[in-house]
Amino acid sequence: MSRSVSRRVLPGFGLTMGLTVFYLSLIVLIPLATLPARTLTMSWAAFRATITDPRVLASYQLSVTASLVAAAVNALFGFAVAWVLVRYSFPGRRIVDALIDLPFALPTAVAGIVLTTLYAPNGWLGAPLARYGIKVAFTPLGITVALIFIGMPFVVRTLQPVIEDLDPEVEEAAASLGAGRAAVLLRVVVPNLLPAWLTGFALAFARAVGEYGSVVFISGNMPMRTEISPLLIVTKLEQYDYAGATAIASVMLVVSFSLLLCINGLQSWSRRRVAY
Amino acid sequence: MRNIIRGIAFGIALTAMAGAVAAQTLLNVSYDPTRELYQDFNAAFVKYWKAKTGQTIQIRQSHGGSGGQARAVIDGLDADVITLALAYDVDAVAQAGLTAAAWQKRLPNNSAPYTSTIVFLVRKGNPKGIKDWGDLAKPGLQIITPNPKTSGGARWNYLAAWGYALRQPGGTEATARQFVADIYRKVPVLDSGARGATMTFVSRQIGDVLLAWENEAYLALGESPGQLEIVVPSISILAEPPVAIVDKVVDRKGTRAVAEAYLQYLYSPEGQEIAAKRHYRPRDEKVAARFSNAFAKVKLFTIDEAFGGWQKAQKTHFVDGGVFDQIYRPGTR
């Protein structure tokens, strides 16, 4: 009997692959497949009218822009946080480390209410800012603040293990070969972190695009100005317009998926570049 | 992810519970502000039912936005009775085939055992001098009301304002539209629900006047004593939050008798008194007379008189592209 030559070293491929397919289908594919199924109950003209309504267009723009800005802010500050947590030891480090996960654990509605209270014109932060004419709550800025809050853990948690793996000796070697601090950072540290960094950015972005609970409280929900796409979906559902709701959802899904694909592409490109 | 697991576990627990005690439980699916009302009422009904039949029953409550609750029932939540904010939502349940199309005729008073109306909540001392709907047109005012597309209560607010404008001398559809558009231009924050709007007004101190359910206004008044005042306009809408049995569910679970008794008990003097104590206007004249000091006299018009019923009002004002959406269409500001 001729055994397959390409037999894998680890046993259980059939079982785990089967489980993977089953699990992905059950948790992701089947629920997502019902989306287009629901949308298909409407005519093409109705679908087009729904997804190109000026209010809906304004909401896409707001949702995607605010999510991108929030993910970018998180990428920047998340790097600093991860760096500090890995590279330096200081009293209370474990507590700070545990704090990072809080936005994961907190019900998003609570986060929304807390942020709104804080940034409302009579809030602790909102009142002093209002004196300088900066309005946060009930503006796109407030939405971004909420999205920064809920997206914060992603960048930190994806960067931490990579920074841990990044041997300080590599930086020392670079320095001893005459690289300045900026050169070490830009030519040694950043390229090594880039793939994980992009992953963190993508995760934070994906989370922000779909966020509803925390945003509705701080956004003010004004049509054309501070209405996010998930709110419009809920609005449609409230009118028993399932097809309309899934139409908007499908568009968001396509937008998010293509953006995530782009980021993934960037990521594998940067990974190939720094392969060593 | 954690949320999903918790949700599934909760769902399984709930299903198991429902199965184990199906015979003697009743599920009342209601809207947000009735929480306190039905807590009191359920306790009273359990006692009444025990005395009458010797059976011990357990009543579970579920609260949320009226539209969302109706959707949950349509999607399979095992509600024996629904007690929602507006007839439109019960109609949706009926259209899904879960209850009779003529549900509104099965109980007295349009199936609304208690009523409410829309009043104004203002800051202590009424600094902006708001006495009636007409004062809402004053320049520089900020008005708080939730989004009528997502909140049942907000739809009553909107229709009350429209009905007032229509009843003014020279009032036409056009002037009403102008008046309502004027109000929404003064709304700085459109919350998604009535509770959210109350919080915006009371805790965040935003706005000069809140349009609110009468019962919700009294609740807010009780929670922040000395800071707020209720202003009752000269005329307002008669809000009739309807109740109905979900035929498909009670027939399957065999709970029709107790579910019917439950709704009928809402009309009894005891039920009416509990409603009145929770600031819902009772239908029973004797109970109403006893609580006459608790409710300001106000001229009330019904949705059927002014708008030809919920289906029509919804279609004209709140569907996508309806009058409400037109207010916010770009270029009209």
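A single member of B:Ala276, B:Ala294, B:Ala288 is more than 14 Å from chain A (Cβ to nearest Cβ) and part of a loop (DSSP other than H, G, I, E, B), and it is B:Ala294. Would you say A:Leu35 is away from every other protein chain (no Cβ under 14 Å), assigned to a helix (DSSP H, G or I) and within 30 Å of B:Asp191 (Cα to Cα)? Against the criterion (away from every other protein chain (no Cβ under 14 Å), assigned to a helix (DSSP H, G or I) and within 30 Å of B:Asp191 (Cα to Cα)), A:Leu35 qualifies.
The numbered conditions (1) surrounded by fewer than 18 Cβ atoms within 10 Å (Cβ to Cβ); (2) of a type outside the set (A, V, I, L, M, F, W, C); (3) under 17 Å from the mean Cα position of the chain (by Cα) are all true for B:Asp75 except (3). Just wondering, is there one or more residues in the stretch B:309-327 that are among the charged types (D, E, K, R), free of Cβ contacts under 8 Å to residues at least 24 places away in the same chain, more than 14 Å from chain A (Cβ to nearest Cβ) and surrounded by 13 or more Cβ atoms within 10 Å (Cβ to Cβ)? Within the stretch B:309-327, none of the residues are among the charged types (D, E, K, R), free of Cβ contacts under 8 Å to residues at least 24 places away in the same chain, more than 14 Å from chain A (Cβ to nearest Cβ) and surrounded by 13 or more Cβ atoms within 10 Å (Cβ to Cβ).
Could you list, in sequence order, all residues of the stretch B:226-254 that are more than 23 Å from B:Arg155 (Cβ to Cβ) and touching a strand residue (DSSP E or B) at 6+ places or on another chain (Cβ under 6 Å)? Working first, answer last.
Within the stretch B:226-254, the first condition is being more than 23 Å from B:Arg155 (Cβ to Cβ), and the residues that meet it are B:226-229, B:245, B:247-254.
Once the filter is applied, which keeps residues that are more than 23 Å from B:Arg155 (Cβ to Cβ) and touching a strand residue (DSSP E or B) at 6+ places or on another chain (Cβ under 6 Å), the stretch B:226-254 yields B:Leu228, B:Glu229, B:Ile245.
Applying the selection to the stretch A:200-225, what residues are in a loop (DSSP other than H, G, I, E, B), crowded, with 20+ Cβ neighbours inside 10 Å and facing another protein chain (nearest Cβ under 9 Å)? Correct list: A:Gly220, A:Asn221, A:Pro223.
Scanning the stretch A:149-182 for residues being over 18 Å from A:Ser268 (Cα atoms) and either among the β-branched types (Val, Ile, Thr) or surrounded by 14 or more Cβ atoms within 10 Å (Cβ to Cβ) (or both) gives a total of 16.
The criterion of at least 1 residues that are modelled with pLDDT under 90, under 16 Å from the mean Cα position of the chain (by Cα) and within 14 Å of chain A (Cβ to nearest Cβ) is met, among helices (runs of 4 or more DSSP H) falling completely within the stretch B:139-232, by B:152-166, B:194-202.
Scanning the stretch A:116-154 for residues that are under 25 Å from A:Ser59 (Cα atoms), within 12 Å of another protein chain (Cβ to nearest Cβ) and among the hydrophobic types (A, V, I, L, M, F, W, C) yields A:Leu118, A:Ala120, A:Ala137, A:Phe138. With respect to the conditions (1) surrounded by 13 or more Cβ atoms within 10 Å (Cβ to Cβ); (2) over 22 Å from B:Val202 (Cα atoms); (3) not β-branched (Val, Ile, Thr), A:Ala130 lacks only one, and its number is (2). Scanning the stretch B:29-72 for residues that are surrounded by fewer than 15 Cβ atoms within 10 Å (Cβ to Cβ), touching a Phe, Trp or Tyr at 6+ places or on another chain (Cβ under 9 Å) and closer than 22 Å to B:Arg278 by Cβ yields a total of 0.
Take the stretch B:34-76 and flag every residue that is within 14 Å of chain A (Cβ to nearest Cβ) and either assigned to a helix (DSSP H, G or I) or more than 23 Å from B:Trp213 (Cβ to Cβ) (or both).
First, pick out the residues of the stretch B:34-76 that are within 14 Å of chain A (Cβ to nearest Cβ): B:64-75.
Hits for the stretch B:34-76 are B:Ser66, B:Gly67, B:Gly68, B:Gln69, B:Ala70, B:Arg71, B:Ala72, B:Val73, B:Ile74, B:Asp75.
Within the stretch A:81-137, the residues that satisfy the criterion of being part of a helix (DSSP H, G or I), closer than 16 Å to B:Pro188 by Cβ and in contact with a helix residue (DSSP H, G or I) (Cβ under 8 Å, 6 or more places away or on another chain) are A:Thr116, A:Tyr119, A:Gly126.
Picking from A:Val234, A:Val274, which residue would you name as being within 19 Å of A:Ile113 (Cα to Cα) and either over 18 Å from the mean Cα position of the chain (by Cα) or modelled with pLDDT of 90 or more (or both)? Walk me through how you get there before you give the answer.
Values: A:Val274 fails: within 19 Å of A:Ile113 (Cα to Cα).
Of the residues listed, the single one that is within 19 Å of A:Ile113 (Cα to Cα) and either over 18 Å from the mean Cα position of the chain (by Cα) or modelled with pLDDT of 90 or more (or both) is A:Val234.
Between B:Gly193, B:Gly170, which is more than 16 Å from B:Ile144 (Cα to Cα) and out of contact with any strand residue (DSSP E or B) (no Cβ under 7 Å at 6 or more places or on another chain)? Quick ask: steps written out before the conclusion?
Values: B:Gly193 fails: more than 16 Å from B:Ile144 (Cα to Cα).
The unique qualifying residue is B:Gly170.
Of all the listed residues (B:Gln39, B:Gln69, B:Gln55), the sole one being of a type outside the set (Ser, Thr, Tyr), touching a residue at least 12 places away in the same chain (Cβ under 8 Å) and closer than 13 Å to B:Val258 by Cα is B:Gln55.
The values are calculated or read from the model by the stated rules, or taken from the named source; none is laboratory data. Owing to the predicted nature of the structure, the values given are computational and were not obtained by experimental measurement. Reconstructed Cβ throughout: ideal geometry from the backbone, glycine too, with neighbour counts over all protein chains shown.
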